[in-house]
1. Between residue 442 and residue 154, what length in nm is gained on full extension when 0.36 nm per residue of separation is reduced by their alpha carbon distance?
2. Quote the accessible area belonging to residue 357 in square angstrom, nearest 10, computed with a 1.4 Å probe and with ligands, DNA and RNA left uncounted.
3. In deg cm²/dmol and to the nearest 500, what is the mean residue ellipticity at 222 nm of the chain if only DSSP H runs of at least 4 residues count, each as -39500 (n - 2.57), divided by the residue total?
4. Which is farthest toward the positive dipole end of region 268-319 among 268, 286, 312, measuring Cα position about the Cα centre, with Cβ charges +1 (Lys, Arg) and -1 (Asp, Glu)?
5. Restricting to Cα pairs below 8 Å that are 6+ residues apart, what does the relative contact order work out to for region 322-425? Please round to a whole percent.
6. For a quick check of understanding: with a 1.4 angstrom probe and all protein chains in place, what accessible area in square angstrom does residue 329 have, to the nearest ten?
7. Just the Cα atoms of region 137-227: what Rg and Dmax do they give in Å?
8. How many Å² of accessible area per residue for the chain, probe 1.4 Å?
Amino acid sequence: MYMLKPPFKIKVIEYTPGAALTRAKRARAIARAGYNTFLLKSDEVYIDFLTDSGTSAQSDAQKAGLELGDEAYAGSRSFYHMEKTVRELFGYRYVVPTHQGRGAEHLMSRICIQPGQIIPNNLYFTTRRFHQELARGVWVDVAVSEAHDPKNTFPFKGNVDIKKLLRVIKRHGVKNIAYISMEAAVNMAGGQPFSLDNLKKVRRISKQYRIPLYLDITRIFENAYFIQQREKGYSKKTVREIAREITLFSDGCTMSAKKDGVVNIGGFLAMNDRDFFRRAKEEVVVFEGLHTYGGMAGRDMEALAIGLKEFSRDEEVAYYVSQVAYLGKELRKRGIPIVLPVGGHAVFLDAKRFLSHIPQEQFPAERLTAEIYLESGVRTMERGIVSGQHGKEPYDGLELVRLAIPRRAYHREHLDIVVDGIEKVFRRRKYIKGLKMVYEPKSLRFFQARFAPVGRMK
Ligand SMILES: *Cc1c(COP(=O)(O)O)cnc(C)c1O
């Protein structure tokens, strides 16, 4: 059996008008969107694998929670419910809500980074790195080298290279390190986990040098599930117990609640240090909202409290990860190059091997997202040179297309349609040409950049 038992049945459905679109209409839509899938209208899309962010299906209990949300400007009951849940699950003393993950990253970066300070990271997440740099910090990669190699099957590509980390600390001096930043289920490496063994080693260094360790726990439950499945000594522990152990070895975190929190919008930062908390409360009112809502509606805080509890159950995470594994396995069976091992929330196509005749300056991954949309109405995302390169900085070289599966939202039939469409693109790959960029926004260019085909769309 490929996929595990879904621990739920369906009560509400949503029609997808994009299912009825013809290929000719899709060709016009993607041209109008400048060959950037971010600029398509959702009604032009059939199966939306652009992101798992804010797009998951909520449970009946969460929907009921939306009605129960307390919209009081100050001291909302729903905030206290959310705060209690975060404390219970992750053990941090203080919780500050924000409108979404980048709001939390903004506050953490503003407060914890002095200009010129270094922040060692296991690869990067776009917005996290952006906010580190906006605060005039210097992002430095200390991920294991396996993380950069899409063909390498190392089970913990989210790990930090301990030697690299020590080298960075020695070279720059403890005072010049703002904090160590570690992302769970690292998106840029393909949704790859770190091991608890590695986290403990990083923690030892953080304690020894008194450098704070802050996690990005956006996808902590997938990371915990992989630890349960892969790391010695954890097979008998629940996802929740492992998640709790992860956060125990850190000083604080940011979370985009739109992923493992299973809500449409929301996020938070959490910490143990009272001074950091005091500063975060001061800053949150300037940029987000009062410290008991931080840009979230009461209803969303209520749904988040319930969503975190639900999605940290073993059967929920296990089923979700098995859907992703199924998609990966079916693509591999057809010879389609993907990043291995398959990650927690997404399958990543390796565009460098898929479209090996297109040079990277012609954006093979971006072109591949356009071709997949054209073929089957499936929306995916570029994770390559468009989203990876910032100005003249060295770039990690990955050229991927991400198929992120929203939680609880799609059937196996949908997955099969996605596989068929990609297989068709794969068969005609040698006729596909590259793109040229015709508009480049100043920051986070992948969201709004526009392209024109070098060759004709087939
Ligand atoms: C989505 C995400 C963020 C940013 O959160 P938003 O809610 O989109 O602002 C940060 N880190 C990771 C790992 C994410 O997946």
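1. Details: separation 288, 0.36 × 288 = 103.68 nm, distance 3.56 nm.
Extra length from residue 442 to residue 154 when fully extended: 100.1 nm.
2. 90
3. When only DSSP H runs of four or more count, the value is -12500 deg cm²/dmol.
4. Value computed over the given set: 286.
5. 29
6. Probe radius 1.4 Å; accessible area of residue 329 about 100 Å².
7. 12.8, 37
8. That works out to 41 Å² for each residue.
The values are calculated or read from the model by the stated rules, or taken from the named source; none is laboratory data. This one's a predicted model, so the numbers in the text were calculated from it and none came from an experiment. Neighbour counts are summed over all protein chains in view; Cβ atoms, including those assigned to glycine, are modelled from backbone coordinates with ideal geometry. Areas reflect the complete protein model, heavy atoms only, side chains present, ligands, DNA and RNA absent. Shrake-Rupley method; radii C 1.70, N 1.55, O 1.52, S 1.80 Å.
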